[in-house]
1. Quick one: net charge around A:ARG110, please, counting Lys, Arg +1 and Asp, Glu -1 for every other residue with C-beta under 12 Å from its C-beta.
2. Name the residue from A:THR106, A:GLY155, A:LEU117 whose Cα lies farthest towards the positive end of the charge dipole of segment A:92-197, charges +1 on Cβ of Lys and Arg and -1 on Cβ of Asp and Glu.
3. Please report how many Lys pairs in the protein assembly as shown have alpha carbons closer than 17 angstrom, counting only residues at least 8 apart along the chain or sitting on separate chains.
4. Nothing charged except the Cβ atoms of Lys and Arg (+1) and of Asp and Glu (-1): what's the magnitude of the dipole of chain B about its Cα centre? Round to the nearest 20 debye.
5. Could you give the DSSP H helices of chain A that reach 20 angstrom or more along their long axis (alpha carbon positions) and whose average Kyte-Doolittle hydropathy is no lower than -0.5?
6. Could you list the residues of segment B:195-224 with an amide nitrogen less than 20 Å from a label point located 7 Å from the Cα of B:ALA140 in the Cα-to-C-beta direction?
7. Can you give the Rg to Rh ratio for segment A:256-385, taking only C-alpha atoms and Rh from Kirkwood?
8. How large is log10 I(q)/I(0) at q = 0.16 Å⁻¹ when the Debye formula is applied to the Cα atoms of segment B:59-116, each weighted equally and without solvent?
Amino acid sequence: MAHIEIRNLEKSFGDTPVLRGIDLTIERGEFIAVLGPSGCGKSTLLRIVAGLEAHDRGHILMDGRVVDGLAPKTRDVAVVFQSYALYPHMTVAQNLALPLVMRDLTRAERLPFVRYLSGRVRRTRADIRDGVARAASLVKIEGLLDRKPAQLSGGQRQRVALARALIRKPSLFLLDEPLSNLDATLRASTRAEIVQLQRTLGTTAIYVTHDQTEAMTMADRIAIMIEGRIVQVGTAREIYHRPTDVRAALFIGTPKMNLFDGTADNGAIRLAATGAVVVQATGARNGPVQIGIRPEHMVLVPEDPGDGIPVATTHREFLGSEALVHVAVGDGTQGTPAVARLDPDTADTMTVGRTAYARFRPGALHLFDGEGKCLDPDRHRPLSRIPSAFGQEDGASDAQPVPRIVGG
Amino acid sequence: MSKPPRLQILRLVTLTIAATVLLLPYIYMVGFSLKPVDEIFAGGLSPFPREFAGLANYAGALESEPLLRYVANGVIVCAGILFFQLVFAVPCAYAMAKLRFPGRAFMLGLVLFGLLIPIQATSLPIYIGLARSGLTDTYAALIVPFVSSVFGVFLFYQFFRTIPDELLDAARLDGCGDVTIMVRIVLPLIMPAATAFGIFSVVSHWNDLFWPLIVIRSPDLNTPPLGILAFRSEEAGDSYGQLMAGTGIITAPLVIAFLLAQRRFIEGISLGALKG
Ligand SMILES: Nc1ncnc2c1ncn2[C@@H]1O[C@H](COP(=O)(O)OP(=O)(O)OP(=O)(O)O)[C@@H](O)[C@H]1O
Ligand SMILES: [Mg+2]
């Protein structure tokens, strides 16, 4: 169990900067997910923490001790690689035993015949066998110990890789997209198992993934990483409801958050496509802004309530418990695409090809400045209250079914 | 067997014909070595002797020339060459495939360039070098020119590149140092490549006539092909049965070694060294 602190970590491959100043603190026993698109440097970060790759600038501290430049084996970390990296010429039992053999026996004691000479070596070897059996039973692969990796299914290999990582009880687990080679059903069940294992062992874990579902369902906290920077760290809820950066906002949530171009004009936030004022934000500096709203906070009605924004309905998807209605905002069907999540009955009242009317729930709006930073002056407000800076305070809460539209 | 039997039979027949064509010279060689001279000259296509003279031929061959000594020379030379080739080629290829250092691409270019140069082109300078250092007509003269094999470097380089870096990283995390990684992970994985390379190397150096002919004078150091050459020129004429018996003795170690190695070779491949 280790406390990890990453300070201003930088790394370039040649002229290409890959990590551009990573700051991240991970508490003892915490399960943190590093979530980001392909190529953003997640694996590189993991490899640097493991000691497999050298970094250019910054520091890594484990339990307050700087570990920069220390060899991987002295850091007491274990990695589960995306490819599992099992030793193909060894049986599962030998794969699992290797970390223990390397740790518990000296070079001389590892020689094959020494066990016949030394009782101590014999005892250590017996302990190792017990350890292998225990680790195998933790991930339920007791029956596979004599197989070679080539004779295992993808899911079984994945379990062997997990067992090999946890067998010597490291103080830090690093997992690099360990589920990406599994099929959907297996992935869902393995997710829960990995979390459970981590909870039982209490080991600090960094879990790298580009799958938001994995990050949201497994991790205590999520660090969103984009282009070599951590743009936001927080629980899944925090990031979903209060993204501090437009890229974090877009990365979490399916369908994606709807985003519209807008302008701030003396506190009035206008939708560029229609010119409608959607909200008042006194703190906003004049200039371009981006207006974000989650699909479930965008309400569509078939008839104009008087203050609705006309949108063109382009597509309707029935998903059982809910329905998604795709619309274009402004400029007919060529306008900015957006998605509203509605209950199926409401969605049925919308006709594809016809104009519908959208209302944005002011308290659920997200405003981002030209650089994509959240404009919300007080993003630590409780979720249920609408701050006065975003439209007139009227006691409306997120739970209120029909929202008000400000201006028009 | 799930295969349709007709396809099976077709495949068997094709393979048998191909194997027979390839093996025919060898079969005749063995056949002749068992026949008396007059039967050989009488012609006839059957490789099987009517009158068995194998014992006389083989005994005669072993008596007239120190064939076993030649075979031993061959073993010493080939083993020496293979040993040093592996010692030099494996680490070199490993470094080029898995380590990052300046000039790597250039070195690899040199290796590829080296592949294009035949031994005949460099034989003269090498010979002069050996002669100046007084090494001609020794085992060293037979071994030293071949200790670095660009072909070996290239073959192992290609093979190392198929070993994923993550495998070596995993070993490093499991506490293995570079030597342990070599011994426990890399060497077992390259066994198929090493076997294949061993076959190439041993076959070509066992059968090499060109180089031994240049650097060897004393009959004691004759390699197997030189031995056959000596045998032929001395005995010549009518003792074809003995000649074939001698050839048989000299090629036998190679055939046996190949059959043994082939088993491992196929084993290594079918276990899918790098799968999973
Ligand atoms: N050894 C290397 N040499 C040069 N560039 C590299 C090297 N390793 C990674 N990169 C580059 O660094 C960037 C980040 O790579 P990294 O593997 O960390 O991405 P990732 O976030 O793990 O992506 P993915 O989700 O696809 O695994 C990529 O643009 C990649 O091309
Ligand atoms: Mg990666």
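None of the figures in this text is laboratory data; all of them are computed from the coordinates on show. Quantities reported herein were computed from a predicted structural model and do not represent experimental measurements. Please note: Cβ atoms are built from the backbone with ideal geometry, for glycine as well, and neighbour counts cover all protein chains shown.
1. Net charge around A:ARG110: +3.
2. Most positive-ward Cα: A:LEU117.
3. 4
4. Dipole of chain B, to the nearest 20 debye: 1060 debye.
5. In chain A, the long hydrophobic H runs are A:184-201.
6. What the label zone holds, given the 20 Å backbone N cut-off, is B:211-223.
7. Answer for segment A:256-385: 0.98.
8. Treating every Cα as an identical point scatterer, log10 I(q)/I(0) equals -0.66.
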